[in-house]
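S.K.: One structure, as structure tokens, below. Some questions next.
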Amino acid sequence: MGKTSPSVAELKEGIARGDRGSLSRAITLAESRLPEDQEHAQDLIADLLPETGRAIRVGITGVPGAGKSTTIEALGLKLIREGHRVAVLVVDPTSARTGGSILGDKTRMHKLSAEENAYIRPSPSGGVLGGVARKTREAMLLCEAAGFDVIIVESVGVGQSEAELAEMVDCLMLLLVPGAGDELQGIKRGIMELADLIVVNKADGDRVPLAKRARGDYRHALRMLPPSTVGWETPVQIASATEGTGLDEVWESVEKHRAHLEETGQLDERRRRQTERWLDSMIEEAVLAAVHRRSGVEEAISQARADVDAEKITVPQATQKVLEAAGLGTSAAS
Ligand code: GDP
């Protein structure tokens, strides 16, 4: 942290007050790649950990254009009216891969972001996908410590990311739109299996009959899949984020699902799994960073790239050389 930055103690105090500025600074620290920032962030998270875990953690996924931000804004405003404090974390896996973002500069959820009791944070760009997930987990904990009791994690549905999202939240909502033709086209079975709740959005105007038909098709398809949550029949509902219809029922399902998790002991189990995944990704990142810091490793990587490009050695051989440079080579593999 720079000289003018608040100390860990100041940030902790700000977060405990629910101050959004302190929360933002803390999340920025957790996202930073500077070792001293990381150290401060981890101290802060360790201090705040007893204040975390009480929120309801909901993931929302769906293809771009499905209406995720419109739905989150409508749901968020409703929840705030009911006395909740709502934090929204937007995970955009494309930003990890390309450094750019398919969300672009689109102004999203501006009504919700104007609310005192809302907090909206886009995912960090750059870095590895696992890193984005780890940072999102930490941002979630910091939001909980700041008194947000509903955490919504939005993820752009691009295939791989749903499993990661499912492991971060208590309830995964899949948002779909009614389309012409085969409703199941393009929806991967795996994503349906992970969903705790399916919402067919844009059920308004002349799309209502189509949405109802889609609901029937998805219900039918779900019967052939194992349940996402033991003892839970994944509901399929229709809603319109722009008209606000069906959203009360959607949130009722989220709460019912949560109650089911608590009653069956599965909430503790999910939370344990979430913590394990956090640990795994943290270890992976830390080990990788430590290896990169060893002297000679960066040079060995450059050399390995050049040798592979020049077809002097194979990729497995080049990898072995990098491991040896890091002092991690094994005689068995060499
Ligand atoms: P996201 O990419 O999944 O976040 O989708 P957006 O929330 O940005 O919505 C994409 C487009 O669909 C926008 O033009 C929205 O106004 C529109 N949209 C979202 N929800 C609804 C809905 O329930 N009904 C209708 N008719 N349009 C919607």
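The values are calculated or read from the model by the stated rules, or taken from the named source; none is laboratory data. Quick caveat: nothing in here was measured; it's all calculated off a predicted structure. Cβ placement follows ideal geometry from the backbone for every residue including glycine, while neighbour counts extend to all protein chains displayed. For accessibility, only protein heavy atoms count, side chains too; no ligands or nucleic acids. Shrake-Rupley method; radii C 1.70, N 1.55, O 1.52, S 1.80 Å.
S.K.: Checking the conditions here, which among GLY205, GLY246, GLY231, GLY296 is assigned by TED's automatic domain parsing to the domain that holds ILE72, farther than 30 Å from ARG81 by Cβ and of a type in the set (Gly, Ala, Ser)?
M.R.: After ruling out the rest, the residue left standing is GLY231.
S.K.: Take the range 217-233 and flag every residue that is closer than 12 Å to ILE191 by Cβ and hydroxyl-bearing (Ser, Thr, Tyr).
M.R.: TYR218, SER228
S.K.: Regarding the range 317-328, can at least one residue be identified that is within 17 Å of ALA195 (Cα to Cα) and small (Gly, Ala, Ser)?
M.R.: The answer is no; no qualifying residue exists.
S.K.: Right, something else. Taking the range 37-73 as the search range and keeping residues that are more than 13 Å from the ligand (Cβ to nearest atom) and acidic (Asp, Glu), which one is least open to solvent (accessible area, probe 1.4 Å)?
M.R.: Within the range 37-73, the match that is least open to solvent (accessible area, probe 1.4 Å) is ASP37.
S.K.: Pick out the one residue from GLY147, GLY181, GLY186 that is of a type outside the set (A, V, I, L, M, F, W, C), modelled with pLDDT of 75 or more and surrounded by fewer than 20 Cβ atoms within 10 Å (Cβ to Cβ).
M.R.: Unique residue meeting the criteria: GLY147.
S.K.: Moving on. I'd like the residue in the range 85-131 that is farther than 30 Å from GLU284 by Cα and buried (at least 17 other Cβ atoms within 10 Å of the Cβ) and, out of all such residues, is modelled with the lowest pLDDT.
M.R.: Result: ARG108.
S.K.: Please state which one of ARG134, ARG207, ARG213 is modelled with pLDDT of 90 or more and surrounded by 17 or more Cβ atoms within 10 Å (Cβ to Cβ).
M.R.: After ruling out the rest, the residue left standing is ARG207.
S.K.: Just the residues that are assigned to a loop (DSSP other than H, G, I, E, B), among the β-branched types (Val, Ile, Thr) and either modelled with pLDDT of 95 or more or open to solvent by 30 Å² or more (accessible area, probe 1.4 Å) (or both), please, taken from the range 222-241.
M.R.: VAL230, THR234 - these are the residues of the range 222-241 that are assigned to a loop (DSSP other than H, G, I, E, B), among the β-branched types (Val, Ile, Thr) and either modelled with pLDDT of 95 or more or open to solvent by 30 Å² or more (accessible area, probe 1.4 Å) (or both).
S.K.: Is the range 26-36 home to any residue that is closer than 23 Å to SER161 by Cβ, open to solvent by 50 Å² or more (accessible area, probe 1.4 Å) and β-branched (Val, Ile, Thr)?
M.R.: The answer is yes; a qualifying residue exists.
S.K.: From LEU210, LEU267, LEU174, LEU261, which residue is under 21 Å from the mean Cα position of the chain (by Cα), within 16 Å of the ligand (Cβ to nearest atom) and either over 22 Å from LEU112 (Cβ atoms) or in the same structural domain as HIS84 (by TED's automatic domain parsing) (or both)?
M.R.: LEU174
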